[in-house]
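To start, the structure itself, in structure tokens.
The values are calculated or read from the model by the stated rules, or taken from the named source; none is laboratory data. No experiment lies behind these values; they were computed from the predicted model shown. Don't worry about glycine lacking a Cβ; one is built from the backbone with ideal geometry, like all the others, and counts go over all protein chains shown. These area figures cover heavy atoms from the full protein model, side chains too; ligands, DNA and RNA do not enter into them. Shrake-Rupley method; radii C 1.70, N 1.55, O 1.52, S 1.80 Å.
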Amino acid sequence: MNKSEKDKLSVISPAIELKDIKIEKPLRLGVMASGSGTNMETLASAIESGSLNAVIRVVIYNNPDAKVAQRAEKWGIPAVLLDHRQIKGREALDRAIVEILRKEGVDWVIMAGWMRIVTPVLLQAYADRVINIHPSLLPSFKGIRAVEQALEAGVKITGCTVHIARQEVDSGPILMQAAVPILDDDTPETLHERIQVQEHRIFPLAIALAARKFGV
Ligand code: GAR
């Protein structure tokens, strides 16, 4: 099996396409990311192609080396660094985040690989408006190293989940999931790569679904 054949081994639920979810008014998104930013870029690309009616008002990142900053620049999206090492306490970080999101008039907060625990400061300011993506079929394998956890557990199917964030890490109402089979020769890298193909597929869809379901 070649890579593109392997990438097709997946099931998404619910089975729906972006063109079938109409959003009247552009969603004003604020993206929080800690790493590479491929999921942020997927959203930017879905917006540019007109398949997701939204605008990314700001990208907030917490790690000076995060590649997401360069990706945001490439798409002309303002990126703000809030280095958690310079800000004392999780609540203080979240207060700074909320201030930026409010200033930008954000109505949906998208955690696209945000690797910090968030507090009620953010979750109450944006109640039911914070969306997270996680590389496992929740509620299995919460927290860090989710891909490695799945390999270590010996499960044969894993995947990714997009959900509304609640206080407990990687918990909250599930919007959408994609299942990805684990192959005998998978390493954490090959498996994560295939999971990311599915993340990029379901992330814009799940955001559109949330907006339809819960209003803008
Ligand atoms: C994604 O795989 C996402 O599911 C994961 O971080 C990666 C970010 O990739 N998130 C978590 O593990 C959150 N618990 P990206 O920077 O290329 O978008």
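Entry remark, the range 72-105: residues being in contact with a helix residue (DSSP H, G or I) (Cβ under 6 Å, 6 or more places away or on another chain), part of a helix (DSSP H, G or I) and open to solvent by 40 Å² or more (accessible area, probe 1.4 Å) number 2 in total. Does Ile23 fit the bill of being in contact (Cβ under 8 Å) with a residue 40 or more places away in the chain and either in contact with a Gly (Cβ under 8 Å, 6 or more places away or on another chain) or away from the ligand (no atom under 16 Å from the Cβ) (or both)? Yes, satisfied.
Within the range 150-186, being open to solvent by 20 Å² or more (accessible area, probe 1.4 Å), within 14 Å of the ligand (Cβ to nearest atom) and within 20 Å of Lys8 (Cβ to Cβ) holds for one residue alone: Gln177. When Pro14 is tested against (1) more than 27 Å from Leu191 (Cα to Cα); (2) touching a residue at least 12 places away in the same chain (Cβ under 8 Å), just one condition goes unmet, and that condition is (1). Determine whether the range 108-118 contains at least one residue that is over 18 Å from Leu82 (Cα atoms), modelled with pLDDT of 95 or more, open to solvent by less than 40 Å² (accessible area, probe 1.4 Å) and out of contact with any helix residue (DSSP H, G or I) (no Cβ under 9 Å at 6 or more places or on another chain). No, the range 108-118 contains no residue that is over 18 Å from Leu82 (Cα atoms), modelled with pLDDT of 95 or more, open to solvent by less than 40 Å² (accessible area, probe 1.4 Å) and out of contact with any helix residue (DSSP H, G or I) (no Cβ under 9 Å at 6 or more places or on another chain). Looking across the range 40-71, just one residue is open to solvent by 60 Å² or more (accessible area, probe 1.4 Å), among the polar types (S, T, N, Q) and either in a helix (DSSP H, G or I) or within 16 Å of the ligand (Cβ to nearest atom) (or both), and that is Gln70. Residue count for the range 81-133 under the criterion of being over 19 Å from Ala54 (Cβ atoms), free of Cβ contacts under 8 Å to residues at least 60 places away in the same chain and hydrophobic (A, V, I, L, M, F, W, C): the result is 14. Against the criterion of being within 19 Å of Leu9 (Cβ to Cβ) and either within 15 Å of the ligand (Cβ to nearest atom) or crowded, with 16+ Cβ neighbours inside 10 Å (or both), Pro204 does not qualify.
Answer with yes or no whether Ser140 is of a type in the set (Ser, Thr, Tyr), open to solvent by 30 Å² or more (accessible area, probe 1.4 Å) and not in a strand (DSSP E or B). Judged against the criteria, Ser140 is a match. The lone criterion from (1) in contact with a helix residue (DSSP H, G or I) (Cβ under 7 Å, 6 or more places away or on another chain); (2) surrounded by fewer than 18 Cβ atoms within 10 Å (Cβ to Cβ) left unmet by Lys22 is number (1). All conditions in (1) open to solvent by 30 Å² or more (accessible area, probe 1.4 Å); (2) at positive phi hold for Gly37, with the sole exception of (1).
State which residue is surrounded by the fewest Cβ atoms within 10 Å (Cβ to Cβ) when the search covers only the range 119-137 and only residues that are near the ligand (Cβ under 10 Å from one of its atoms) and either polar (S, T, N, Q) or under 23 Å from Leu27 (Cβ atoms) (or both). Taking the candidates together, the pick is Ser136. Could you check the range 52-80 and list, in sequence order, the residues that are more than 17 Å from Ala96 (Cβ to Cβ), touching an Asp or Glu at 6+ places or on another chain (Cβ under 9 Å) and not basic (Lys, Arg)? Result: Asn53, Val68, Ala72, Trp75.
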